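Asks: One structure coming up, written as structure tokens, with questions to follow.
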Amino acid sequence: EAQVTQNPRYLITVTGKKLTVTCSQNMNHEYMSWYRQDPGLGLRQIYYSMNVEVTDKGDVPEGYKVSRKEKRNFPLILESPSPNQTSLYFCASSPEDHGRDQYFGPGTRLLVL
Amino acid sequence: AQTVTQSQPEMSVQEAETVTLSCTYDTSESDYYLFWYKQPPSRQMILVIRQEAYKQQNATENRFSVNFQKAAKSFSLKISDSQLGDAAMYFCAYRRGNYGQNFVFGPGTRLSVLP
């Protein structure tokens, strides 16, 4: 089954404790992205990657890191989480064809205390 | 920078009736794509419909259709014969046509369907 998986689905942590949210896709897609969703703001792109070792900042990259060492994986790293990073996070992937849609993961709900 | 605006935070429609959700965007690009996504309570993001800016014909997918006005930078979604399962958050999104993965989403419209 073609899918994007994220782990964990729910996470409660404390300020300053490093965490990683994993994202994996099994469709051999070139493009992958991370978004955060906040009420009244929609989804905002954090980082995206156009292929292995190629990443670029989205609209809200501050406080986040990413890496793309393998085509299928695109982890999101919060080196020192803060309460304003409490949000719902989505990973998405899509093929290189610009007209094609994104496939979204199920989302990760993060609470930073 | 591109922006996407959805001026209706909430809308409601009677079952079997028609509703139109509004979306406007701001861009200086000529090549781009526009999307409507549905997010039900499960939070899963589901593509509803897609429009290529170079196509003049409005996209249609079953009960869903768009009114794409390129000069006015408007991209509204019409849902015909509304069903209870259409109740969800709807997001309008913009993607630059020749620059990878840079998506911009609107703030969303919450649609309620009344029986």
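Asks: Any idea what the dipole of chain A comes to, in debye rounded to 20, about its Cα centre with Lys/Arg Cβ at +1 and Asp/Glu Cβ at -1?
Replies: Result for chain A is approximately 440 debye, rounded to the nearest 20.
Asks: Between B:Y54 and A:S67, what FRET efficiency follows from the Cβ-Cβ distance if R0 is 25 Å, with the result rounded to 0.05?
Replies: Approximately 0.10, to the nearest 0.05.
Asks: Next question, about the same structure. Over the stretch B:34-82, what relative contact order in percent results from Cα pairs under 8 Å that are six or more residues apart?
Replies: Computed over the stretch B:34-82, the figure is 25 percent.
Asks: If you count the DSSP beta bridges with both ends in the protein assembly as shown, what percent of them are antiparallel, to the nearest 5?
Replies: Percent antiparallel among DSSP bridges in the protein assembly as shown is about 90.
Asks: What is the sum of charges, Lys and Arg at +1 and Asp and Glu at -1, for the other residues whose Cβ falls under 11 Å from the Cβ of B:A88?
Replies: Working: positive: B:K38, B:R43, B:R110; negative: B:D86.
For residues surrounding B:A88, the net value is +2.
Asks: Taking 2.2 N^0.38 Å as the expected size of a compact globular protein, what ratio does the Cα radius of gyration of chain B give against it, to two decimals?
Replies: 1.02
Asks: Taking the Cα centre as origin and putting +1 on Lys and Arg beta-carbons and -1 on Asp and Glu beta-carbons, what dipole magnitude results for the protein assembly as shown, to the nearest 20 debye? Please list the in-between numbers first.
Replies: Values: 24 positive and 22 negative charges, 104 e Å.
Computed charge dipole of the protein assembly as shown: roughly 500 debye.
Asks: Using DSSP to call loops (not H, G, I, E or B), can you name the trypsin sites (Lys or Arg not before Pro) in the stretch A:1-76 whose Cβ has at most 13 other Cβ atoms within 10 angstrom? Show your work: numbers first, answer last.
Replies: Details: sites: A:R9, A:K17, A:K18, A:R36, A:R44, A:K57, A:K65, A:R68, A:K69, A:K71, A:R72; in loops: A:R9, A:K17, A:K18, A:R68, A:K69, A:K71, A:R72.
Within the stretch A:1-76, the qualifying trypsin sites (Lys or Arg not before Pro) (loop, at most 13 other Cβ atoms within 10 Å) are A:R9, A:K17, A:K18, A:K69.
Asks: In addition: Please give the direction-averaged projected area of the C-alpha convex hull for the protein assembly as shown, in square nanometres with one decimal.
Replies: For the Cα atoms of the protein assembly as shown, the hull's average projected area reads 12.4 nm².
Asks: Turning to a different aspect of this structure: If you take the Cα Rg of chain A and divide it by 2.2 N^0.38 Å, with N the number of residues, what do you get? Before the final figure, lay out each step's value.
Replies: Working: Rg = 13.3 Å, N = 113, 2.2 N^0.38 = 13.3 Å.
Cα Rg divided by the expected 2.2 N^0.38 Å: 1.00.
Asks: Got a sec? Charge dipole of the protein assembly as shown, +1 on Cβ for Lys and Arg, -1 for Asp and Glu; which of A:L19, B:T3, B:F64 is way out at the positive end?
Replies: A:L19
Asks: Remind me, relative contact order of chain A in percent, using alpha carbon pairs under 8 angstrom and six or more residues apart?
Replies: Value for chain A: 36 percent.
Asks: When we measure straight from the Cα of A:K57, which lysines land under 24 angstrom away, once same-chain ones fewer than 8 places off are left out?
Replies: Of all the lysines, those that pass the test against A:K57 - Cα under 24 Å, at least 8 places apart if same chain - are A:K17, A:K18, A:K65, A:K69, A:K71.
Asks: I need the GluC sites (Glu not before Pro) found in the stretch A:1-106, filtered to DSSP loop residues with at most 13 other beta carbons within 10 Å of theirs.
Replies: Values: sites: A:E1, A:E30, A:E53, A:E62, A:E70, A:E79, A:E96; in loops: A:E1, A:E30, A:E53, A:E62, A:E70, A:E79, A:E96.
Filter output for the stretch A:1-106: A:E1, A:E53, A:E62, A:E70, A:E79, A:E96.
Asks: Would you work out the charge dipole size for chain B about its Cα centre, treating the Cβ of every Lys and Arg as +1 and the Cβ of every Asp and Glu as -1, and quote it to the nearest 20 debye? Don't skip to the end; give the middle numbers.
Replies: Working: 11 positive and 10 negative charges, 52 e Å.
Magnitude of the dipole: close to 240 debye.
Asks: Which residue, B:A72, B:A16, B:A87, has the most motion in a Gaussian network model of chain B that connects Cα atoms within less than 10 Å?
Replies: Among B:A72, B:A16, B:A87, the largest GNM mean-square fluctuation belongs to B:A72.
Only the coordinates and a few stated rules stand behind these numbers; no lab work does. Just so we're clear, the structure is a prediction, and the values are computed from it rather than from any experiment. Positions of Cβ are backbone-derived with ideal geometry, glycine not excepted, and every protein chain shown enters the neighbour counts.
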